[in-house]
1. Does residue 301 satisfy being at pLDDT below 95 and either of a type outside the set (Ser, Thr, Tyr) or assigned by TED's automatic domain parsing to the domain that holds residue 534 (or both)?
2. Would you call residue 515 free of Cβ contacts under 8 Å to residues at least 40 places away in the same chain, surrounded by 16 or more Cβ atoms within 10 Å (Cβ to Cβ) and in a strand (DSSP E or B)?
3. Restricting to the stretch 96-114, and then to whatever is over 11 Å from residue 74 (Cβ atoms) and of a type outside the set (A, V, I, L, M, F, W, C), can you tell me which residue is surrounded by the most Cβ atoms within 10 Å (Cβ to Cβ)?
4. Which condition number does residue 23 fail, the rest of (1) assigned to a helix (DSSP H, G or I); (2) modelled with pLDDT under 90 being met?
5. Among 325, 288, which is touching a Lys or Arg at 6+ places or on another chain (Cβ under 7 Å), at pLDDT 95 or above and surrounded by 15 or more Cβ atoms within 10 Å (Cβ to Cβ)?
6. May I ask you to say which residue of 488, 507 is within 16 Å of ligand 2 (Cβ to nearest atom), under 36 Å from the mean Cα position of the chain (by Cα) and either surrounded by 13 or more Cβ atoms within 10 Å (Cβ to Cβ) or of a type in the set (Phe, Trp, Tyr) (or both)?
Amino acid sequence: MIESTQMQRPKLVLVVDDQEINRDSLGIILEDDYEILYAENGKEAVEQMRAHANELSLVLLDLMMPVMNGFEVMEIVREDEQLKHIPIIVLTAEKSAELRALQMGAADFITKPFDMSEVILARVGRIIELSEGRQLISAAEHDRLTMLYSRNFFFEYANRLYHYHPELHLDAIVMNIEQFHTINALNGRDFGDDVLRLIGNEIRAFLGETQGIASRIEADRFDIYCLHQTDYRALLNRFQEKVSSLSRSTRIHLRMGVKPWREGVEPILLFDRARTACNMVRGDYQNPLMIYDEDMRMRELLNSRLLNDLRPAVEERQFQVYYQPKYNIQVDPPRLSSAEALIRWKHPDLGMISPGSFVPLFEGNGLIGVVDNFVWQEAAKQIARWKEKYSFTLPVSVNLSRSDVFDPTLPGRLDHLVLDNGLSYKDLKLEVTESAYTDNAKQVLDVIKSLRNKGFEIEMDDFGSGYSSLNMLSDMPIDVLKMDMKFIRNIEESETDRRLVSLILDIARYLKVSVVAEGVETEKQLEILRSGKCDLVQGYYFSRPLPSEDFEKLIEKEIAIERN
Ligand code: C2E
Ligand code: MG
Ligand code: MG
């Protein structure tokens with residue numbers, strides 16, 4: 001890369017001398033290899049340097065000049081962030097000036113009258129090479145914006161500290177900015193840069209008070225490896241106050257994860273855990289600090305175990321589908337109307353694992369499709385079996401995850417299930433949680449609409465736990481609202497909850513969709529819902545989710561009622 005740019009364009013050198021003869025003779029020596037600019041005094045030299053700060057590879061600088069001499073030029077350059085990286089070779093006739101020039105930052109000197117042209121070319125070439133090498137190293141070593149270490153150097157140094165200074169007990173701290181992309185989008189990148197720079201400055205101030213190193217690992221993530229601290233809340237507050245002072249109108253929230261020093265734990269692992277802790281409090285503005293502890297370690301171990309065990313579990317048929325009935329409560333006695341298919345994992349070592357502990361995990365890893373596909377197939381076969389065995393059609397709803405909805409093969413796979421099992425579309429209902437509609441609503445809505453147009457019935461699951469506005473709701477392709485369990489839980493004692501439930505029932509009537517109340521456990525809850533004209537109820541009051549063999553008793557009972 002460097003070689004080829006060299007071929008394309010000669011490097012730029014500035015020759016500064018008040019004597020025309022000197023400028024000319026240097027020009028002749030250099031012109032075959034370099035592009036050359038000239039200045040006749042120090043003032044012009046500084047102007048040229050400013051104008052070409054990023055292209056200039058070298059300055060050849062005479063010391064004795066009118067207007068502004070070479071020492072004054074070096075003084076200005078030394079203080080100027082934009083200019084100080086440009087190497088200067090001093091042109092001098094007096095030996096005595098050499099030392100002073102070197103002290104002021106000159107890279108080398110060439111004596112007058114000029115040496116052989118080969119010598120001059122060699123010196124110029126060598127200084128340029130050295131300076132480029134040094135810039136490369138320092139650019140790689142530091143993040144330009146915050147002047148903290150870059151990622152690689154940070155971990156290199158952290159490892160050295162860890163190995164050579166075992167007496168230092170160093171904690172890993174990861175700090176992150178909430179919604180940084182939104183801050184950038186709303187306020188512009190310059191503002192975003194200001195925020196990052198401010199945090200960088202404060203971290204450097206902090207490291208001046210204790211021992212440690214820090215890096216901006218990427219975009220808005222900062223890693224700090226420092227002596228064990230006793231009060232992390234205070235530390236986070238310190239940074240939070242700084243960034244809050246930057247703008248009144250934009251709220252900036254930081255979050256922090258900490259993994260305290262542990263004997264024998266290397267920096268890379270320490271920071272992995274601090275990052276996990278930091279991610280756990282993402283979006284939690286009330287409690288933006290998390291210290292990695294034993295519970296979290298166990299949870300992580302379990303998660304990685306479950307991830308590993310997924311494939312064999314499918315092959316060895318450890319998954320089983322349970323069915324929970326939904327009853328129509330507007331008739332007396334209540335009638336079995338449909339069921340929900342719910343996954344169960346019978347793990348050979350860990351026993352029965354509830355979907356609450358693996359569904360969110362697999363959703364995060366894109367593996368939930370494997371589970372869902374299995375459940376859908378089982379449910380479709382089961383509907384067909386019951387049709388055959390009892391001449392009775394029990395519609396079953398299955399849960400769709402957000403990632404299923406984005407899978408382009410979804411409509412085709414669902415079609416197959418229906419056709420291959422001789423079902424009609426309305427036999428297989430689809431539950432999609434409210435929160436799946438929240439971001440990228442358009443694409444989700446398009447997919448769901450097309451499924452509904454085929455004839456699938458769509459149930460919005462956990463309604464009331466997300467943030468659909470009434471406005472959005474009226475455009476949503478849904479047939480049923482499943483009211484979130486939390487509304488039912490305290491309905492007996494809480495007047496507010498009763499009002500909320502009745503509000504949801506009103507909304508459903510307005511939208512002309514029916515309502516399923518989930519989590520109904522008591523007779524009293526049932527009565528409240530019945531008098532509020534809720535259509536359907538699912539909950540332990542009627543039955544827990546059951547394996548298909550046990551569920552058959554409910555079907556048989558239903559058939560008996562039908563015959564009477
Ligand atoms: P969900 O779809 O809202 O399912 C209802 C959950 O409420 C089930 O929990 C059910 O057992 C529970 N439940 C029903 N009645 C009562 C009651 O009266 N009291 C109480 N306390 N709980 C009741 P489960 O089976 O543990 O499933 C939890 C969640 O896991 C489900 O919530 C669903 O979001 C997810 N899930 C379950 N199976 C699947 C699946 O096959 N695929 C996907 N993607 N998610 C699934
Ligand atoms: Mg559900
Ligand atoms: Mg639900």
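1. Details: at pLDDT below 95: yes; either of a type outside the set (Ser, Thr, Tyr) or assigned by TED's automatic domain parsing to the domain that holds residue 534 (or both): yes.
Answer is yes for this residue.
2. Values: free of Cβ contacts under 8 Å to residues at least 40 places away in the same chain: yes; surrounded by 16 or more Cβ atoms within 10 Å (Cβ to Cβ): yes; in a strand (DSSP E or B): yes.
It is true that residue 515 is free of Cβ contacts under 8 Å to residues at least 40 places away in the same chain, surrounded by 16 or more Cβ atoms within 10 Å (Cβ to Cβ) and in a strand (DSSP E or B).
3. 108
4. Checking residue 23 against (1) assigned to a helix (DSSP H, G or I); (2) modelled with pLDDT under 90, the one that fails is (2).
5. Values: 325 fails: touching a Lys or Arg at 6+ places or on another chain (Cβ under 7 Å).
Only one candidate qualifies: 288.
6. On the way: 507 fails: within 16 Å of ligand 2 (Cβ to nearest atom).
Checking each option against the conditions leaves just 488.
Results for (1) at pLDDT 95 or above; (2) aromatic (Phe, Trp, Tyr); (3) more than 20 Å from residue 339 (Cβ to Cβ), shown as yes or no for each residue.
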site: 470; (1), (2), (3): no, no, yes
site: 499; (1), (2), (3): no, no, yes
site: 515; (1), (2), (3): yes, no, no
site: 522; (1), (2), (3): yes, no, yes
site: 537; (1), (2), (3): yes, no, no
site: 547; (1), (2), (3): yes, no, no
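One line per residue, one yes/no per condition, for (1) within 16 Å of ligand 3 (Cβ to nearest atom); (2) surrounded by 14 or more Cβ atoms within 10 Å (Cβ to Cβ); (3) over 30 Å from residue 389 (Cβ atoms); (4) not assigned by TED's automatic domain parsing to the domain that holds residue 437:
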{"site": "476", "(1), (2), (3), (4)": "no, yes, yes, no"}
{"site": "479", "(1), (2), (3), (4)": "yes, yes, no, no"}
{"site": "493", "(1), (2), (3), (4)": "no, no, yes, no"}
{"site": "496", "(1), (2), (3), (4)": "no, no, yes, no"}
{"site": "531", "(1), (2), (3), (4)": "no, no, yes, no"}
{"site": "541", "(1), (2), (3), (4)": "yes, yes, no, no"}
{"site": "544", "(1), (2), (3), (4)": "yes, no, no, no"}
{"site": "549", "(1), (2), (3), (4)": "no, no, no, no"}
{"site": "557", "(1), (2), (3), (4)": "no, no, no, no"}
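The values are calculated or read from the model by the stated rules, or taken from the named source; none is laboratory data. What you are looking at is a predicted structure, and each value in this text was computed from that prediction instead of being measured. Because the Cβ atoms are built from the backbone with ideal geometry, glycine has one as well, and the counts that use them run over all protein chains shown.
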